[in-house]
Amino acid sequence: MKKLFFATAVCIFSLISKGQTYILDKNHTKVGFSVSHFGISNVEGQFKDISATMTSKKEDFTEAVIEMTANVNSIDTDNDMRDKDLKSENWFDANKYPTLIFKSTSFKKTGDKTYKLNGNITIRGVTKPITFDVIYNGKALNPMSKKNSVGFTITGKLNRKDFQVGSGAGSSVVGDEVDLRSNSELIID
């Protein structure tokens with residue numbers, strides 16, 4: 001009996017110490033951006049081919065580790081000509097830099113359901129630190145998959161010129177500051 005108890009305790013401790021892994025539910029996630037055009041409107045877009053994982057040792061997600069990638073060739077602004085231009089060497093240079101990468105460095109609780117997500121984002125081979133505001137929207141059981149999912153709203157900003165994206169385009173035509181927004185669902189793996 002002692003051996004069974006010890007073996008069970010070791011298994012539980014092993015699961016807790018590794019943490020819970022969550023994978024992105026691509027069908028219920030959007031990674032989007034918005035940037036000023038001529039200072040009078042905003043062009044919005046998204047990356048349709050994305051993947052992400054989150055590993056958390058704690059129930060409240062503090063110190064979770066998050067990694068996300070987006071396929072640059074999946075950029076979609078509802079305008080084929082603009083999307084083709086954005087993939088060119090003038091903007092994202094998708095042939096040379098096919099992915100955007102984000103890796104977290106910290107995930108800190110700031111309120112009941114709010115967090116600061118810090119990490120490094122790599123665009124066009126340039127890596128810079130970035131901070132996101134995160135709202136935890138809750139947890140729900142998917143009745144079809146019978147798996148639990150968690151939801152987050154993530155917002156942040158970056159300067160496109162820091163990453164040499166469209167450095168030839170004037171700020172009066174395309175704004176330098178890009179608003180980032182993601183509504184994400186992650187499934188407990």
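The values are calculated or read from the model by the stated rules, or taken from the named source; none is laboratory data. Note that this is a predicted model, so its numbers are computed, not measured. Every residue, glycine among them, receives a Cβ derived from its backbone with ideal geometry; neighbour counts consider all protein chains shown. The area values use the complete protein model at the heavy-atom level, side chains included, leaving out ligands, DNA and RNA. Shrake-Rupley method; radii C 1.70, N 1.55, O 1.52, S 1.80 Å.
If the condition is being out of contact with any Ser or Thr (no Cβ under 9 Å at 6 or more places or on another chain), surrounded by fewer than 17 Cβ atoms within 10 Å (Cβ to Cβ) and part of a strand (DSSP E or B), then the stretch 76-105 contributes D76, T105. One residue stands out in the stretch 52-85 among those that are at pLDDT 95 or above and of a type in the set (S, T, Y): the one that is nearest to the chain's Cα centre (by Cα), namely T69.
Looking only at the stretch 159-185, count every residue that is farther than 18 Å from T114 by Cα and either open to solvent by less than 40 Å² (accessible area, probe 1.4 Å) or part of a strand (DSSP E or B) (or both) and tell me the total.
13
Selection within the stretch 106-129: residues that are touching a helix residue (DSSP H, G or I) at 6+ places or on another chain (Cβ under 8 Å) and of a type outside the set (V, I, T). The member of this set that is most open to solvent (accessible area, probe 1.4 Å) is K128.
Among the residues of the stretch 130-158, the one identified as without any contact (Cβ under 8 Å) to a residue 24 or more places away in the chain, surrounded by 13 or more Cβ atoms within 10 Å (Cβ to Cβ) and either closer than 15 Å to T29 by Cβ or polar (S, T, N, Q) (or both) is I135.
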